[in-house]
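The values are calculated or read from the model by the stated rules, or taken from the named source; none is laboratory data. The model shown is predicted, which means the values in this text are computed figures rather than measured ones. Positions of Cβ are backbone-derived with ideal geometry, glycine not excepted, and every protein chain shown enters the neighbour counts. In case anyone asks, the SASA skips ligands and DNA or RNA and just uses the protein heavy atoms, side chains included. Shrake-Rupley method; radii C 1.70, N 1.55, O 1.52, S 1.80 Å.
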Amino acid sequence: MLKELKIDGKASFDWVFKDDPYTSYALFSSTCENPFCTCMELDLRFKSDLSARMIDAHIVVDVKEHRLVAKKIKAGPYRVFADKFMREASPEDWSLLFRLFAGLKKEAVMEYTDDSPELPEFDADDIEENSPLILYSETMPWSEHLGFIFDGITYLIEDAYCVKNDCPCRQIMIDFLPYQGDPMPAHAKPAAAMLDYQEKTWTEERNRAAGRHACADLMRAFLKEEPDAWEIFKKRHIQMKKWYARYKKKHGIPDIPRLPAPMAAAPRTGRNDPCPCGSGKKYKKCCGKNA
């Protein structure tokens with residue numbers, strides 16, 4: 001079982017097997033440092049003697065599926081240790097491991113800069129041809145979620161953006177996802193709004209789903225909880241466009257220029273209408289005489 005220890009205000013973990021309660025293994029953990037990576041693999045190293053150079057075991061687990069990543073575990077003593085660990089790991093242990101994993105991922109997000117080499121993946125063909133809105137949470141999955149509580153229900157904000165570099169739009173779509181309470185039916189869609197963060201205005205896209213709160217009520221509650229939301233959305237939009245521009249450059253993807261809007265046809269002057277030259281005569285008696 002996992003034991004959480006507090007040393008100088010920082011959490012650390014020890015592992016103890018049920019059949020050997022007097023031997024504690026200090027747990028050292030790490031994970032993929034790419035903040036865009038969606039893998040759920042946590043690297044665990046166990047050490048019973050902190051003064052020794054050698055570790056007792058090294059295993060990799062998937063904290064979402066609660067399984068060993070077998071291909072990353074050596075045969076022999078490590079495998080024996082891993083199998084024993086899996087037999088004894090409880091739901092509470094997995095919950096702690098997930099919390100540990102999430103903390104490491106959030107550290108990776110905090111340490112990420114514009115100079116970092118990692119980039120998210122984009123479907124450039126779809127973006128260039130169809131200009132879909134891309135979810136921020138799917139691009140940077142371990143970033144801090146925006147959210148608020150309304151009428152006893154926690155709502156999370158899913159914000160989506162156009163990332164085309166030649167598009168001047170300042171509008172984004174947000175969904176209000178209920179996080180607790182009765183589950184929303186699979187066929188239902190959440191309340192949603194389209195926002196213009198430059199003008200600080202919004203319009204309703206979907207009023208409500210499955211009898212939940214109205215979009216206008218949710219929007220007011222959200223802006224009260226997050227008064228800086230407009231600036232947050234602006235920064236995220238700029239960042240999403242930067243990531244996509246770097247992704248295109250890295251993969252040599254050319255820009256597909258936006259087609260100009262078709263020009264409206266000039267209104268046709270009728271034969272009995274006043275002549276557009278300003279003479280005061282009918283068109284058929286003036287400039288349209290020879291038409």
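Any idea how many residues of the range 18-33 are open to solvent by less than 40 Å² (accessible area, probe 1.4 Å) and not hydroxyl-bearing (Ser, Thr, Tyr)?
2
Restricting the search to the range 66-84, which residues are open to solvent by less than 80 Å² (accessible area, probe 1.4 Å), in contact (Cβ under 8 Å) with a residue 24 or more places away in the chain and closer than 25 Å to Trp142 by Cβ?
Listed by number, the list holds a single entry, Val69.
Evaluate the following for Lys249: is it assigned to a helix (DSSP H, G or I), modelled with pLDDT of 95 or more and out of contact with any Ser or Thr (no Cβ under 7 Å at 6 or more places or on another chain)?
So Lys249 fails the test.
Given the conditions (1) open to solvent by 30 Å² or more (accessible area, probe 1.4 Å); (2) among the polar types (S, T, N, Q); (3) under 30 Å from Ser137 (Cβ atoms), report the number of the one that Ser48 does not fulfil.
(3)
Against the conditions (1) β-branched (Val, Ile, Thr); (2) in a loop (DSSP other than H, G, I, E, B); (3) surrounded by 14 or more Cβ atoms within 10 Å (Cβ to Cβ), where does Ile59 fall short? Just the number, please.
It is condition (2) that Ile59 fails.
Restricting to the range 103-119, name every residue that is out of contact with any strand residue (DSSP E or B) (no Cβ under 9 Å at 6 or more places or on another chain) and within 21 Å of Lys250 (Cβ to Cβ).
Restricting attention to the range 103-119, the residues satisfying the condition of being out of contact with any strand residue (DSSP E or B) (no Cβ under 9 Å at 6 or more places or on another chain) are 106-107, 109-119.
Listed by number, the residues that qualify are Val109, Glu111, Tyr112, Thr113, Asp114, Asp115, Ser116, Pro117, Glu118, Leu119.
Give all pairs with beta carbons closer than 9 Å in which a residue from the range 115-128 that is without any contact (Cβ under 8 Å) to a residue 12 or more places away in the chain meets a residue that is open to solvent by 90 Å² or more (accessible area, probe 1.4 Å) and not in a helix (DSSP H, G or I); count only pairs at least 6 apart in sequence or on separate chains.
Listed by first residue and then by second, the contacts come to nothing, as the list is empty.
Conditions tested, residue by residue: (1) modelled with pLDDT of 75 or more; (2) of a type outside the set (S, T, N, Q); (3) not in a loop (DSSP other than H, G, I, E, B).
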position: Ala209; (1), (2), (3): no, yes, no
position: His213; (1), (2), (3): yes, yes, no
position: Lys234; (1), (2), (3): yes, yes, yes
position: Met240; (1), (2), (3): yes, yes, yes
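Is it the case, given these coordinates, that Pro190 is at pLDDT 70 or above, open to solvent by less than 100 Å² (accessible area, probe 1.4 Å) and under 18 Å from His145 (Cβ atoms)?
yes
Would you check if Glu121 is within 23 Å of Phe36 (Cβ to Cβ), modelled with pLDDT of 90 or more, part of a loop (DSSP other than H, G, I, E, B) and open to solvent by 60 Å² or more (accessible area, probe 1.4 Å)? Spell out how you get there, then give the answer.
On the way: within 23 Å of Phe36 (Cβ to Cβ): yes; modelled with pLDDT of 90 or more: yes; part of a loop (DSSP other than H, G, I, E, B): yes; open to solvent by 60 Å² or more (accessible area, probe 1.4 Å): yes.
It is true that Glu121 is within 23 Å of Phe36 (Cβ to Cβ), modelled with pLDDT of 90 or more, part of a loop (DSSP other than H, G, I, E, B) and open to solvent by 60 Å² or more (accessible area, probe 1.4 Å).
From the residues in the range 146-159 that are buried (at least 20 other Cβ atoms within 10 Å of the Cβ) and within 14 Å of the chain's Cα centre (by Cα), which one is nearest to Asp255 (Cα to Cα)?
If we take residues in the range 146-159 being buried (at least 20 other Cβ atoms within 10 Å of the Cβ) and within 14 Å of the chain's Cα centre (by Cα), then Asp159 is nearest to Asp255 (Cα to Cα).
Collect the residues in the range 133-144 that are without any contact (Cβ under 8 Å) to a residue 40 or more places away in the chain, surrounded by 14 or more Cβ atoms within 10 Å (Cβ to Cβ) and not polar (S, T, N, Q), keeping them in residue-number order.
Within the range 133-144, Leu135 is the sole residue that qualifies.
Just one of (1) open to solvent by less than 40 Å² (accessible area, probe 1.4 Å); (2) out of contact with any helix residue (DSSP H, G or I) (no Cβ under 6 Å at 6 or more places or on another chain); (3) assigned to a strand (DSSP E or B); (4) without any contact (Cβ under 8 Å) to a residue 60 or more places away in the chain trips up Trp15, so point out which.
Condition (4) is where Trp15 drops out.
For the range 87-112, how many residues are within 31 Å of the chain's Cα centre (by Cα), open to solvent by 50 Å² or more (accessible area, probe 1.4 Å) and more than 18 Å from Pro141 (Cβ to Cβ)?
3
For the range 229-251, which positions are under 16 Å from Leu133 (Cβ atoms) and exposed (fewer than 12 other Cβ atoms within 10 Å of the Cβ)?
To start, the set of residues in the range 229-251 that are under 16 Å from Leu133 (Cβ atoms) comprises 233-234, 236-241, 243-244.
Scanning the range 229-251 gives a single hit, Ile238.
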